[in-house]
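> Quick one: this structure, given as structure tokens, is what I'll be asking you about.
The values are calculated or read from the model by the stated rules, or taken from the named source; none is laboratory data. This structure is a prediction, so every number in the text was calculated from the model and none was measured. FYI the Cβ positions are ideal-geometry reconstructions off the backbone, even for glycines, and counts take in every protein chain you see. Surface accessibility is based on the protein's heavy atoms, side chains included, excluding ligands, DNA and RNA. Shrake-Rupley method; radii C 1.70, N 1.55, O 1.52, S 1.80 Å.
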Amino acid sequence: MTDSARDDSSDAPAPRQSPGLGARLGRAPLAFIQYLNQEADGCGLSALRVGLGIILCTSALRFLFKGWVEEIYVAPRFHFTYFGFEWVKPWPEPWMSLHVGALALFGACIALGLFTRWAAACYFLLFSYAELIEKAAYLNHYYLVSILVLFLVFVPADVHFSLGARLRGGRIGSGAAELGRLGRVTNGHYALFRAQLAIVYLYAGLAKLNSDWLFRAEPIHTWLRAYSELPLLGPWLNEPFIAFAVSYFGALFDLTIPFAISWPRSRPYAIGLALVFHLSISFLFPVGVFSYVMLIGLTSFLPPAWPRLVYEYFRGPASRVERRRAAVKSRPQNLLWIGLACFHLGIQVLIPLRFLLYPGHVNWTEQGFRFSWRVMLLEKAGHVEFHVLRPRTGEEFLVFPRDELTAIQRKQMAVEADMIHEYALHLANLYRREPGEVIEVRADSFVAWNGRPSQRFIDPTTDLAAIPRSLHALPFILPAPP
Amino acid sequence: MLLFLCGATAACGPVSAVETDTRRLLMEGLGNEVWVPTYVEFEDRMDDLKSALKTLCKEPDEEALEAAQAAWWAARAPWKRNELLGFGPAVDLELRAQTNIDFWPARPSTIDAVLAGDDELNEATVSELGASSRGLPVLEYLLYSGEGSVEDRFAPDGQRCAYAKGLAADTKTQATALRKAWDPEFGDYLSNLVSAGRSGKDVEFRSIDLALSEVVSRLAFTIENIRGDKLGNVLGTRSGGTPQPDSAESRFSSRSLEDIRDNVRGVELVLVGKKKTSESLSVYLESLGHKELRSELRAALDASYESLDAITPPLTSAVIDDPEAVQAAIDTLRELQTLIQVDVINALGLTLTFNDTDGD
């Protein structure tokens, strides 16, 4: 029991008796805060940092060498922006490539534990800037990466496996933390990562509880059928019951993995399932580094000393000194830190719920879809073209997005109403010969999702250029097909 | 576990002597039964055109000119059917076959300048000219325009004859190069589609889905190109409503609408095949449980042909005399484009993310 807990108990009325449920519940927040402030082994957090840093570095290098800087940032003549962030623009080359190169460098620093907090801060700023340049390139796991890197700015994740720790007098792999110079890791630091990951999984699981997923096994059925020609397993993948099994397993996995991996008795099975689940996804679907980010994130749920335990499993028990270093201690409460973390997590809980503020099916309108951990829910394709009218002269123009947009931008815009609206406003500006001239822009747009026949997506009679950009519900989205 | 095993199997990618993957069989079938034979047909027609020009230039008269024009007209058909293959060898930087064979609309001033020059014109010198001075549109201009008698225009020693013969030989060479690039016995570009994503193969597409996606996207693009450029531009839908007859494809021969029909025929061969049993996307879609798409595609294709037939040729006049008919064709073809670009892509699960290896 900690000192503060002892102080509390000394205020209890005599004669001593076991506290009632109400009293215990009343003390729960305090006990929880004490738990959060309890010192923990920093090995797990450092291992997470190393894994994440390696992913960040390789991901940036891959971006550079595969020519995606050119494809995503440099080549497009027009960029889809986030509301309020229209000022974020790509740098001219070679600065944009240097920008991504710097991301690789900071990712390597994070992995090595060199100037970790500064490297994480720089990575967060540069990465977020790059992500804000082009909305068509939005990915949920990139958003998650931003959040996890932001955490690394504030938590002492470099007490182990760190060149920085060595430079400051410690030893790689063990414990300058013992000297108190690198900051002390607490249960709260792990809890922050766990809570964030739990939010991701739970919202991903909740989003799957829809009729397409549960009663039609879509889009899994469509995706698995693409593998129906594989030897041995192929014919099975065409079977609807397999699609249903995979769908239900996926939803159940998302909804339970944070708990299953936290409970010691189920943990070994949960780890095995997580590996199978994420590696299967990585093999089958084009999800990039998503699976690896999630697997690295899941290590935060393991006992903080897990790297030490793995080491001992393979190399024998650690020395007595190292065991002492791993001993749990307590540290003073830090309510400000906890308050900020709770505020962040509160925002994280609320943001995915904002879809409730918009009318219509979120998977059709996609209003409130981004930043909500709605992953792998949609197989969606669309087509859109624009009719531009200059009322003053009566001139009409048929505009195909391919005239200006890249393939990636066209594909994303075709199924996302806010991007169609943004491009319509851009076209109005493009065709406006003098300030204030009225230009009308209408969209011919069709979308098919999760195996349904295509249906008109945007009201073709609405002048999109007359509607200013905002976060309000877009009134021109037609109702979803049944 | 099932998925894991499946994923591992997919990654290892068995290379079997007998292909079993329907998507790969589809690519193989389309390549060997449709695309390569169409390029062979184009080569043959170019040979016919070369012969016809030889006859015309030897003994120029109306009959020989008509024969040469008919040969040119016939050569356009296979070329336009394969126009959807606007990737790979067609845009290969070394070949630049698509641009060199079919740069349109033809630029009379550029062609007249070559005709007026003193340079010797033969296959070798023509192959050195820029894209706007080469290919089928230039041949069309030479065969279908010009003043004076046939005998005067196609005098055996004249520049027009030398230019036409040089162009035909050059285009035939390009056609052969293009066919060989696709032919499994030569360049075998087809294997990039058939063996896409297979380990141990240096292929352009990293997965069969990406290869299939390229083909389906090309079908949609072909229809959009018809609507936007071949009909829309001429009608003026992209220039504020003012008709632009000079921007029409094959405007000298009045083959504009037939060019479009051939484009649609090429799309039709991939979508529904020559016969119901032919290798086609519809057959694959049926195997995936999307039987309804075949009839919908068939209906959209039929409607497209009907709308094109409703335009009174030539297109250059129709855009002025009957713009409603042209607009109706643009609208009708949109239904075909939507079916391909939205319904077929969705049914095949080919929606691409921001790049082919990242996305959720």
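> Taking H as built 1.01 Å from N, whose amide H comes closer than 5 Å to the amide H of A:Gln455, not counting residues under 5 places away?
A:Val447, A:Ala448
> Over segment A:379-466, average the accessible area per residue using a 1.4 Å probe and give it in Å², no decimals. It would help to have the intermediate numbers written out before the result.
Numbers: 3020 Å² over 88 residues.
On a per-residue basis, 34 Å².
> For the protein assembly as shown, what's the radius of gyration and Dmax over Cα atoms, in angstrom?
Over the protein assembly as shown's Cα set, Rg and Dmax evaluate to 32.6, 128 Å.
> Moving on to the next point. Accessible area of segment A:28-185 with a 1.4 Å probe: how many percent of it is carbon plus sulfur? The partial results should precede the final answer.
Values: 4580 of 6330 Å².
The nonpolar share, carbon plus sulfur, comes to 72 percent.
> Still on this model: Express in Å², to the nearest 10, the accessible area of A:Leu302 obtained by rolling a 1.4 Å probe over the protein heavy atoms while all chains stay in place.
20
> Straight-line reach only, C-alpha to C-alpha below 28 angstrom: list the lysines that B:Lys172 could link to, leaving out same-chain residues fewer than 8 apart.
Result set, ordered by chain and number: B:Lys50, B:Lys54, B:Lys58, B:Lys80, B:Lys180, B:Lys230, B:Lys274.
> For A:Thr461, tell me the accessible area in Å² from a 1.4 Å probe, rounded to the nearest 10.
Rounded to the nearest 10, that gives 100 Å².
> Determine the distance separating the Cα centre of segment B:60-112 from the Cα centre of segment A:41-107; give it in Å without decimals.
Between the Cα centre of segment B:60-112 and that of segment A:41-107, the gap is 45 Å.
> Counting helices only, and only those DSSP H runs with n ≥ 4, report the 222 nm mean residue ellipticity of chain A as the sum of -39,500 (n - 2.57) divided by its residues, in deg cm²/dmol to the nearest 500.
That comes out to -16000 deg cm²/dmol.
> Could you give the angle, 0 to 90 degrees to the nearest 10, between helix B:291-309's Cα long axis and the longest principal axis of the Cα atoms of chain B?
Helix B:291-309 sits at roughly 10 degrees to that axis.
> What FRET efficiency would be calculated for the residue pair A:Phe241, A:Glu437, taking the C-beta separation as r and a Förster radius of 45 Å, to the nearest 0.05?
0.15
> Let me ask something else. On average, how much accessible surface per residue is there in segment A:28-185, in Å², for a 1.4 Å probe, leaving out ligands, DNA and RNA?
Details: 6330 Å² over 158 residues.
Each residue of segment A:28-185 exposes 40 Å² on average to a 1.4 Å probe.
> Provide the solvent-accessible area of B:Glu151, counting protein heavy atoms only and rolling a 1.4 Å probe, rounded to the nearest 10 Å².
Rounded to the nearest 10, the figure is 90 Å².
> With r defined as the distance between the Cβ atoms of B:Glu120 and A:Arg392 and R0 fixed at 56 Å, what FRET efficiency is calculated, to the nearest 0.05? Walk me through the numbers on the way to the answer.
Working: r = 55 Å, r/R0 = 0.99.
Efficiency computed from Cβ-Cβ geometry: 0.50.
> Another question about this same structure. Can you list residues whose amide H is under 5 Å from A:Leu471's amide H, if they're 5+ apart or on another chain and H is modeled 1.01 Å from N?
Here the answer is none, since no amide H 5 or more places off falls under 5 Å of that of A:Leu471.
> Determine the per residue accessible area of chain B with all protein chains present and a 1.4 angstrom probe, expressed in square angstrom.
Details: 14000 Å² over 360 residues.
Value returned for chain B: 39 Å² of accessible area per residue.
> Given N residues in segment A:379-466, what is its alpha carbon radius of gyration divided by 2.2 N^0.38 Å? If you can, show how the numbers build up before the last one.
Working: Rg = 13.3 Å, N = 88, 2.2 N^0.38 = 12.1 Å.
Scaled against compact globular proteins, the figure is 1.11.
> Project the alpha carbons of segment B:208-348 onto their principal axes and report the range along each, largest first, in whole Å.
46, 26, 22
> So what is the 222 nm mean residue ellipticity for chain B from helices alone, if each DSSP H run of at least 4 adds -39500 (n - 2.57) and you divide by all residues, rounding to the nearest 500 deg cm²/dmol? Spell out each step's value before the answer.
Working: 18 runs with 210 residues, N = 360.
Computed mean residue ellipticity for chain B: -18000 deg cm²/dmol.
> Okay, moving on. Among all the lysines, which ones have a C-alpha under 28 Å from A:Lys135's C-alpha, if same-chain residues fewer than 8 places away are not counted?
A:Lys66, A:Lys89, A:Lys208, A:Lys380, A:Lys411
> Looking at A:Ala40, B:Leu56, A:Leu427, which one has the Cα that reaches farthest to the positive end of the dipole of the protein assembly as shown (charges on Cβ: Lys, Arg +1; Asp, Glu -1)?
A:Ala40
> Hey, rough spin-label estimate for A:Arg27 and B:Glu59, points 7 angstrom out along Cα→Cβ, what's it come to in nanometres?
11.8
> Which of the residues in segment A:386-402 show a loss of at least 20 Å² in accessible area from their chain by itself to the complete set of protein chains, at a probe of 1.4 Å?
Residues meeting the cut-off: A:Glu395, A:Glu396, A:Phe397, A:Leu398, A:Phe400, A:Arg402.
> Also, quick follow-up: At 37 °C and 0.692 mPa s, what whole-number value in µm²/s does Stokes-Einstein give for the translational diffusion of chain A, with Rh from the Kirkwood sum over Cα pairs? Write down the numbers at each step before the final one.
On the way: Rh = 25.4 Å.
It comes out at roughly 129 µm²/s.
> Return the value, in Å² to the nearest 100, of accessible area buried between chains B and A (probe 1.4 Å, both sides summed). Walk me through the numbers before you get to the answer.
Numbers: alone 16530 and 24220 Å², together 35880 Å².
That pair of chains buries around 4900 Å² in total.
> Right, another one. What helices in chain A pass both tests, a Cα length along the helix axis of 15 Å or more and a mean Kyte hydropathy of 0.0 or higher, using whole DSSP H runs? Provide the component values of the computation, followed by the final result.
Details: long enough: A:21-37 (24 Å, 0.48); A:43-65 (33 Å, 1.64); A:95-112 (25 Å, 1.81); A:116-133 (25 Å, 1.01); A:140-154 (22 Å, 1.85); A:187-207 (29 Å, 0.78); A:240-260 (29 Å, 1.53); A:267-284 (25 Å, 1.39); A:335-350 (22 Å, 1.93); A:417-431 (21 Å, 0.25).
What comes out of the filter, once short or polar helices are dropped, is A:21-37, A:43-65, A:95-112, A:116-133, A:140-154, A:187-207, A:240-260, A:267-284, A:335-350, A:417-431.
> Quick one: if the Förster radius is 25 Å, what FRET efficiency do A:Ile467 and A:Trp95 give, using the C-beta to C-beta distance and rounding to 0.05?
On the way: r = 35 Å, r/R0 = 1.40.
Efficiency for this residue pair is about 0.10.
> In debye to the nearest 20, how big a dipole does chain B give about its Cα centre with +1 on each Lys and Arg Cβ and -1 on each Asp and Glu Cβ?
Working: 36 positive and 61 negative charges, 163 e Å.
Here chain B has a charge dipole of around 780 debye.
> Give me the percent of accessible area attributable to carbon and sulfur for segment A:379-466, probe 1.4 angstrom.
Numbers: 1490 of 3020 Å².
Carbon with sulfur: 49 percent of the solvent-accessible area.
> Okay, next question. In the P(r) worked out for segment B:256-315, what percent of Cα pairs fall beyond 19 Å? Please report the intermediate quantities before stating the final value.
Details: 603 of 1770 pairs.
Result: 34 percent of Cα pairs exceed 19 Å.
> Sticking with this one: Quickly work out the B:Asn32-to-B:Asp322 label distance, labels modelled 7 Å from Cα along the C-beta direction, and quote it in nm with one decimal.
Label at B:Asp322, label at B:Asn32, 4.4 nm between them.
> Heavy atoms only, 1.4 Å probe, whole protein assembly: order B:Leu293, A:Leu61 by accessible area, highest first.
Numbers: B:Leu293 5, A:Leu61 65 Å².
Descending accessible area places them as A:Leu61, B:Leu293.
> Ok, one more. Quick one: order B:Asp262, A:Asp403 from most to least accessible surface, probe 1.4 Å. Let's see the in-between values first.
Values: B:Asp262 5, A:Asp403 70 Å².
Greatest to least solvent exposure: A:Asp403, B:Asp262.
> A further question follows. What's the carbon and sulfur percent of segment B:37-187's accessible surface, probe 1.4 angstrom, rounded to a whole number? Let's see the in-between values first.
Numbers: 3080 of 6510 Å².
Summing carbon and sulfur atoms, their accessible area is 47 percent of the total for segment B:37-187.
> Something else about it: Do you know which residues of segment B:307-348 lose at least 30 square angstrom of accessible area in the protein assembly compared with their chain on its own, with a 1.4 angstrom probe?
Buried by 30 Å² or more upon assembly, which counts only protein chains, are B:Arg334, B:Thr338, B:Gln341, B:Val342, B:Asp343, B:Asn346.
> If you don't mind, another one. Taking the Cα of A:Phe83, stepping 7 Å toward and past its beta carbon, and measuring to each backbone N in segment A:346-370: which are under 14 Å?
Label zone hits: A:354-359, A:366-370.
> Moving on to the next point. Would you pull out the residues with amide H under 5 Å of A:Phe115's amide H, same chain only if 5 or more places away, H placed 1.01 Å from N?
Those qualifying (amide H under 5 Å, at least 5 residues apart or on another chain) are A:Gly164.
> Using label points projected 7 Å from each Cα along Cα→Cβ, tell me how many nm separate A:Phe249 and B:Ser287, to one decimal.
In this crude spin-label approximation the distance works out to 2.5 nm.
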